[in-house]
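Structure first, then comments.
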Amino acid sequence: MANCAIVGINWGDEGKGRMVDLLTENYDVVVRFQGGGNAGHTVVNEKGKFALHLLPSGIFRDGVVNILGNGVALDPESLWGEMCDVMEKGVALTPDNLKISDRASLLLPWHRRLDELEEARLADKKYGSTKQGIAPFYSDKYQKKTVLAGELFYPEELKKHLLSLMEWKNLTLTGVYGASPCTEEELEAWVNGACEKIKPYVCDTGAFLKTAKQEGKNILFEAQLGSLRDLDYGICPYTTSSNTTAAYAPIGSGLPSAKIDDVIGVVKAYSTCVGEGPFVCEMFGDEAEELRKAGFEYGAKTGRPRRVGPLDIVATRYGVEVQAATEIALTKLDVLGYMEKIPVCTHYMLDGKVTDNFPFPTALEKAKPVVEYFEGWGCDISGVRNWEDLPEAARNYVLYVEKAIGCRIKYVSVGPERDSIIIRN
Ligand code: GDP
């Protein structure tokens with residue numbers, strides 16, 4: 001079987017976790033290859049309802065090995081907290097089913113503080129960070145000013161390394177922000193606390209993946225957020241600080257030689273966006289509130305109400321291209337059941353002209369949505385499992401979207417539960 005990446009096509013929260021949880025049935029290994037604990041994948045299965053932040057969504061399947069690759073922002077404290085939550089609900093986590101790359105860089109105690117301090121300094125110009133330290137972490141990673149998880153096995157060298165980083169970082173904390181410095185005791189408590197807890201799971205995951213590939217194992221690459229949040233191709237500066245695209249999966253996973261055969265792009269049947277930045281198709285007022293409530297659109301990490309809008313064809317087509325998606329999973333189609341007419345943002349108006357092209361980030365602020373309406377189906381479709389059993393209007397909506405975004409919709413999700421899915425052959 002082929003290697004596969006499951007990625008977001010839009011602003012994130014498309015339902016990737018739900019798709020990974022479903023499709024891991026066919027895979028031996030699931031690798032998270034980028035991002036940190038700053039977003040959430042919600043998974044509902046026979047073990048319960050889980051909000052995963054860093055743990056791969058294959059963690060619930062017996063026999064599946066889950067890997068946190070070198071591309072992730074590895075925050076030992078939040079990861080250990082998440083591991084405890086999952087274990088409390090009866091999911092076994094052992095070094096056999098969870099492996100952390102020894103080449104993953106650690107999110108250090110000051111990264112979250114720096115995120116908070118910078119968002120406070122920006123005040124009304126803030127980016128809408130979840131304040132999990134992700135941007136300061138990735139900046140420092142690329143400056144080579146973090147430590148690798150594997151350094152936990154070299155305590156003496158680690159101590160020296162951390163103290164020299166602390167000396168450097170305290171210049172910023174105290175000098176730039178006027179905040180209190182980080183202390184040696186804080187660092188020690190961090191190393192002896194969360195770091196010790198996750199240490200048994202740290203290993204050479206690159207070697208593990210190489211062997212898995214040689215043995216013909218099926219590998220699933222799991223992304224966080226979506227195309228429009230990609231550091232290089234997204235809505236800069238309202239992106240995340242890593243590459244959310246499938247093309248980054250080989251690098252961030254620890255298997256640089258991997259060839260990704262299938263890219264499943266996850267698209268929600270309408271649009272949502274968390275945080276600041278241009279969101280051309282945004283709905284407001286009662287119409288927005290109704291959709292938000294129907295889709296329960298509140299952030300898994302922060303509880304923040306998500307901004308909502310109709311499906312944005314311009315942004316979605318762009319997202320499909322960026323991900324080089326080979327097939328699409330369209331999620332939450334059931335949510336639109338209450339609408340008489342379904343709005344879709346089919347084009348943008350920019351400088352008085354209709355356009356199908358996704359604009360340069362600066363121009364995006366000026367773009368206006370062109371909205372068309374499609375016939376609604378006006379009923380609950382959450383129990384439907386076959387394509388032919390969907391109301392005709394729902395099928396027409398899916399077929400329209402498929403054509404407009406230029407990629408086959410293979411999966412139609414009609415509920416959060418694992419089996420609430422229609423698979424088109
Ligand atoms: P992710 O980060 O891309 O995994 O997405 P989130 O977990 O943040 O958001 C998706 C939300 O929608 C979760 O609460 C899921 O349980 C839920 N969900 C996923 N697919 C469906 C669906 O087809 N219908 C409904 N009603 N909910 C869904």
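The values are calculated or read from the model by the stated rules, or taken from the named source; none is laboratory data. Everything numeric here is computed off the predicted structure, so don't read it as measured data. Glycine gets a Cβ as well: all are built from the backbone with ideal geometry, and neighbour counts include every protein chain shown.
Considering only segment 70-92, how many residues are outside any strand (DSSP E or B) and in contact with a Leu (Cβ under 8 Å, 6 or more places away or on another chain)? Can you show your working first?
Looking only at segment 70-92, we keep the residues that are outside any strand (DSSP E or B), and these are 70-71, 73, 75-92.
Next, only the ones that are in contact with a Leu (Cβ under 8 Å, 6 or more places away or on another chain) stay: 73, 75-76, 78-79, 82-83, 86-87.
Qualifying residue count, segment 70-92: 9.
Could you identify the single residue in Asp21, Asp96, Asp75 that is more than 15 Å from the ligand (Cβ to nearest atom), among the charged types (D, E, K, R) and crowded, with 17+ Cβ neighbours inside 10 Å? After applying the criteria, what remains is Asp75.
When the residues of segment 44-67 are filtered to those that are touching a Lys or Arg at 6+ places or on another chain (Cβ under 6 Å) and in contact (Cβ under 8 Å) with a residue 40 or more places away in the chain, the one that is farthest from the ligand (Cβ to nearest atom) is Ile67.
Of the residues making up segment 223-268, those that are under 13 Å from the mean Cα position of the chain (by Cα) and either polar (S, T, N, Q) or part of a strand (DSSP E or B) (or both) number 15.
Among the residues of segment 341-363 satisfying the criterion of being β-branched (Val, Ile, Thr), away from the ligand (no atom under 16 Å from the Cβ) and surrounded by 12 or more Cβ atoms within 10 Å (Cβ to Cβ), which is nearest to Gly295 (Cα to Cα)?
Of the residues in segment 341-363, the ones β-branched (Val, Ile, Thr) are 342, 344, 346, 354-355, 362.
Next cut, away from the ligand (no atom under 16 Å from the Cβ) only: 344, 346, 354-355, 362.
Right, trim to surrounded by 12 or more Cβ atoms within 10 Å (Cβ to Cβ) and you get 344, 346, 355.
Details: Val344: 16, Thr346: 21, Thr355: 29 Å.
Among them, the one singled out is Val344.
If the condition is being polar (S, T, N, Q) and at pLDDT 95 or above, then segment 219-241 contributes only Ser227.
Among (1) within 16 Å of the ligand (Cβ to nearest atom); (2) crowded, with 24+ Cβ neighbours inside 10 Å, which single condition is Arg307 missing? It is condition (2) that Arg307 fails. Within segment 279-289, none of the residues are buried (at least 20 other Cβ atoms within 10 Å of the Cβ), modelled with pLDDT of 95 or more and within 16 Å of the ligand (Cβ to nearest atom).
Only a single criterion out of (1) assigned to a strand (DSSP E or B); (2) more than 16 Å from the ligand (Cβ to nearest atom) is not satisfied by Lys366, namely (1).
Just to verify a result, which residue in segment 322-340, among those that are more than 18 Å from the chain's Cα centre (by Cα) and farther than 24 Å from Ile423 by Cβ, is farthest from the ligand (Cβ to nearest atom)? Filtering first and then ranking leaves Glu340. Return only the number of the condition from (1) at positive phi; (2) in contact with a strand residue (DSSP E or B) (Cβ under 7 Å, 6 or more places away or on another chain); (3) aromatic (Phe, Trp, Tyr) that Phe296 does not satisfy. Checking Phe296 against (1) at positive phi; (2) in contact with a strand residue (DSSP E or B) (Cβ under 7 Å, 6 or more places away or on another chain); (3) aromatic (Phe, Trp, Tyr), the one that fails is (2). Within the option set Gly383, Gly415, being surrounded by 17 or more Cβ atoms within 10 Å (Cβ to Cβ), farther than 17 Å from Gly265 by Cβ and within 13 Å of the ligand (Cβ to nearest atom) holds for one residue only, Gly415.
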